[in-house]
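What follows is a single structure, written as structure tokens, with notes after it.
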Amino acid sequence: MPVQIPDDSDFNSFREQCENLEGWTVHYNKAGVTVWCRDQQESKTVQKLKMKIVCKDVTAETLYDVLHDTSYRKKWDTNMIDTYDIGKLTVNADVGYYSWRCPSPLKNRDFITLRSWLPLGGDYMIINYSVKHPKYPQKKDYVRGVSVQTGYLIKSNGDNSTLYYLTQVDPKGSLPKWVVNKVSQFVAPKAMKKIYKACLKYPEWKRKHNPHLKPWLYPEQNTLPSINPAELSLQHADSLENIDESGLSEEKGHISEEEDSYSKES
């Protein structure tokens, strides 16, 4: 099945999912961070998570830059193993690779996604979903995950902003219940706070690292090779290897509660 580059209706639908609370249950609500889980109709459906954080003293523009800047991501995203852009489709759509360190004893995951973004006045949206690229097959020692739909809605409020993060990911493999619970209760809120801290440090960092290079704002700076959408196809979860990790016990698992030195409050 050919891929479709998101259009206005896709972005409108994504915004509506972020802002509408009907059918969502709060799993965490502390210190300006809220995490919701989608009420499940069937146990087999892939869990949907939604998060919201109020970012004081961070403009929507800064948040948007931080979420786009892969060079900076390597500085603050301690769960990331690697990320890089593969090629561009349009001025506001590209394809990229991301690998993610999973808590031991789970296997690490990686993703190939088609990402698209849309500035709307003072607000911004970035959304992605998984695709297959012939030159980037599954790797040994990684489980290829599937992003059904993942994205960010950034809402401006002058010098402050609100970030919504909505994700529906099939990590492949039957994950143990303790992992799913830890994600909504601990990992997700921590990730949102980490993004917020990264935003506070970004303006100073960017001044020293190619301050004028922002290809997500200035398409003429984008030097990625062009990709023909016909080369890509949708990544369906059922075509990937399924790893059963449901029997792994929490005692053997390790989700570090320590922040790395960069993320700590200075």
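The values are calculated or read from the model by the stated rules, or taken from the named source; none is laboratory data. The structure presented is a predicted model; accordingly, all values stated were derived computationally and were not measured. Positions of Cβ are generated from backbone atoms using ideal geometry, with glycine treated the same way; all protein chains shown enter the neighbour counts. The area values use the complete protein model at the heavy-atom level, side chains included, leaving out ligands, DNA and RNA. Shrake-Rupley method; radii C 1.70, N 1.55, O 1.52, S 1.80 Å.
One table, with the values for the structure above:
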| item | result |
| --- | --- |
| Test for LYS50: is it basic (Lys, Arg), in contact (Cβ under 8 Å) with a residue 60 or more places away in the chain and open to solvent by less than 30 Å² (accessible area, probe 1.4 Å) | yes |
| Members of region 96-138 found to be assigned to a loop (DSSP other than H, G, I, E, B), out of contact with any helix residue (DSSP H, G or I) (no Cβ under 7 Å at 6 or more places or on another chain) and open to solvent by 40 Å² or more (accessible area, probe 1.4 Å), listed by number | ARG101, LYS107, ASN108, GLY121, LYS135, TYR136, PRO137, GLN138 |
| Meets criteria (outside any strand (DSSP E or B) and free of Cβ contacts under 8 Å to residues at least 12 places away in the same chain) for SER9 | yes |
| Positions within region 176-235 being polar (S, T, N, Q), in a helix (DSSP H, G or I) and at pLDDT 85 or above, in sequence order | GLN221 |
| Subset of region 236-266 that is over 26 Å from ASP77 (Cα atoms) and assigned to a helix (DSSP H, G or I) - its residue that is modelled with the highest pLDDT | ASP238 |
| Options ASP65, ASP159; residue that is more than 25 Å from TRP36 (Cα to Cα), of a type outside the set (S, T, N, Q) and open to solvent by less than 50 Å² (accessible area, probe 1.4 Å) | ASP65 |
| Qualifying residue in region 48-63 (condition: at pLDDT below 90 and over 16 Å from the mean Cα position of the chain (by Cα)) | no |
| Residue list for region 97-141, restricted to those being touching a residue at least 60 places away in the same chain (Cβ under 8 Å) and small (Gly, Ala, Ser) | SER104, SER116, GLY122, SER130 |
| Top-ranked residue in region 93-118 [being more than 14 Å from the chain's Cα centre (by Cα) and at pLDDT 95 or above; ranked as farthest from ASP7 (Cα to Cα)] | ASP94 |
